[in-house]
Amino acid sequence: MAMQHELSDIRKGIGFQRGVYAFCRVFIGPFVRAALHFKCKPCKVKSETFLCLGNHTQNLDPALMVIGTRRHMRFVANASLTKGAAGFLLNPLFGIIPREKGAKGDAAIASIEANLRAGISVGMFPEGNRSWDGETEYISPRTARLVKDTGAALLTYRFTGGYLLRPRWAEYGRKGPMRGELVHEYTAEELSGMTVDEVYAAICRDLRVNAYEVQKASGDVYKGKHLAEGMQYAAYLCPHCLRFGTIETSGDTISCKCGLSARYLETGWFEKGNHMPFDHLAEWNRFQKKWMREHSGELKQQTAVPIASDEGFRLTLKKEGTYTQLSENASVAMYGNRLELVWENGSVAYRIEEITGYGTFLSRSMYFNCGPSIRYQLIATGPVSTLKYYALWRSLSGREYL
């Protein structure tokens, strides 16, 4: 009886939501497809209920996945979208499954499983974030365990072109093609005969995209203005002088005061200038990750002066579920053993091991958790790379910088 009551609650509003999806697909979908120059391979999903996984390149990826599969599903999304005015609108219309960034995903996993048991398909992007550099981000093996535990069918849906159309770091969008395709539909029976490791390998294989390999093969171009502006959010370590936060961008050019220079092309590749060893941002990001891994020991010893510091952050504290605006102009500094925040009326410092979770959102915002009840959210008002703080935290805390 309790189980039936639970399933009934989960299915509440599902008929209305499916109607909203159908309306959007017919009347809004053509405009979305035209705006993003989106083309999808025709496909027919056979499974009644499924978990659909996709690589994440654009904010509108959920809508494009629905357009591509022509099937209704509830999506896992950032919990912030389910609160306030946005939540008031989005929750009843689309039935979002909230996932608190930087926190354990147990509640979201339970909700996914409950929806699938109730016969409602679910869509999610297992990277958890849009790609910073054009390559599919790390996917947790826990995703494969979830697939096995649900007993539902699995769809893998792959987007190409979306990253170069609007890189996560970019200040401006471009015009160019984007494509979507259903890579594979794994039936429940097929999955039952696969191990967790085999499922994980299949997910990673199906969703892997290197934007530069795709562009090179297709010859697509992505035209726009000021193509390089914003890249300093992702390219935070200069490969020539090895300093943090010194990269500058203007128009199509990338530079550092040490003399490094390059031009960002409509293909997404670099026209190399002085001291630029990379052909594109993915190579640059691989270098950053490798450098952080190899020099983590040295970084941990830097406790007298900051490894990186910036000012001009809007700072918010979330404690026991209550949000408090602390400052419009806070500063942050990361040392080898601690993170410090300073604002007009106060300051805090946390040892690296006290920070239990760290992440970035959009292009220049970040958050970190200290235990289950305290979260600080920072939004940079200027061109600051928040990604470097995430990378430093992972390196200093002994976590592999994935």
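The values are calculated or read from the model by the stated rules, or taken from the named source; none is laboratory data. Only a predicted model underlies this, so the values are computations on that prediction, with no experimental measurement involved. FYI the Cβ positions are ideal-geometry reconstructions off the backbone, even for glycines, and counts take in every protein chain you see. The accessibility values were calculated without ligands, DNA or RNA, using every heavy atom of the protein model including side chains. Shrake-Rupley method; radii C 1.70, N 1.55, O 1.52, S 1.80 Å.
Tabulated data
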item: Under 5 Å, built H, 5+ apart or other chain: amide partners of R208; result: none
item: The stretch 295-402 - Rg over Rh from alpha carbon coordinates, Kirkwood radius; result: 0.94
item: Under 30 Å from K46, Cα to Cα: lysines that are on another chain or at least 8 residues apart; result: K12, K148
item: For R243, residues with placed amide H under 5 Å, excluding near neighbours; result: C238
item: Å² of accessible area per residue within the stretch 272-383, as computed with a 1.4 Å probe and no ligands counted; result: 50
item: Angle in degrees between helix 84-94 and the longest Cα principal axis of the chain, rounded to the nearest 10; result: 30
item: Helix axis angle, 387-396 relative to the chain longest principal axis, alpha carbon, degrees; result: 80
item: 10 °C / 1.306 mPa s Stokes-Einstein diffusion coefficient of the stretch 157-206, Kirkwood radius on C-alpha pairs, µm²/s; result: 120
item: Order of exposure, largest accessible area first, which applies to R158, R205 with probe 1.4 Å; result: R205, R158
item: Where the stretch 123-250 is the region considered: accessible area per residue in Å², 1.4 Å probe; result: 40
item: The chain: relative contact order as a whole-number percent, Cα under 8 Å and 6+ apart; result: 13
item: The chain - percent of accessible surface contributed by carbon and sulfur, probe 1.4 Å; result: 54
item: Accessible area, probe 1.4 Å, largest first, for residues F270, F244; result: F244, F270
item: With Cα atoms, 0 to 90° folded angle of helix 196-207 axis to the chain main axis; result: 70
item: Listed residue (S47, M292, L392) projecting farthest to the positive dipole end of the chain, Cβ model; result: S47
item: Net lengthening on full extension, L90/N337 (0.36 nm per residue, minus Cα-Cα); result: 84.8 nm
item: Descending semi-axes in Å of the stretch 228-321, equivalent ellipsoid built from Cα gyration tensor; result: 27, 19, 13
item: J(HN,Hα) series, the stretch 51-60, from Karplus relation 6.51 cos²θ - 1.76 cosθ + 1.60, nearest Hz, glycine and proline x; result: 10, 10, 10, x, 7, 10, 10, 9, 5, 8
item: Neighbourhood net charge (14 Å Cβ-Cβ; Lys/Arg +1, Asp/Glu -1) for E328; result: -1
item: Reachable lysines from K318, criterion Cα separation under 27 angstrom, eight or more residues apart if same chain; result: K83, K101, K104, K388
item: Equivalent ellipsoid semi-axes - Cα gyration tensor, the stretch 350-402, angstrom; result: 18, 14, 8
item: Rounded to whole Å, sorted largest first: equivalent-ellipsoid semi-axes of the chain, Cα gyration tensor; result: 35, 27, 20
item: Compactness of the stretch 169-286 - radius of gyration and Dmax, Cα, Å; result: 18.6, 59
item: Other-chain or far-sequence residues with amide H under 5 Å of T57's (modelled H); result: none
item: Computed helical MRE - 222 nm, the chain, DSSP H runs ≥ 4 contributing -39500 (n - 2.57), nearest 500; result: -9000 deg cm²/dmol
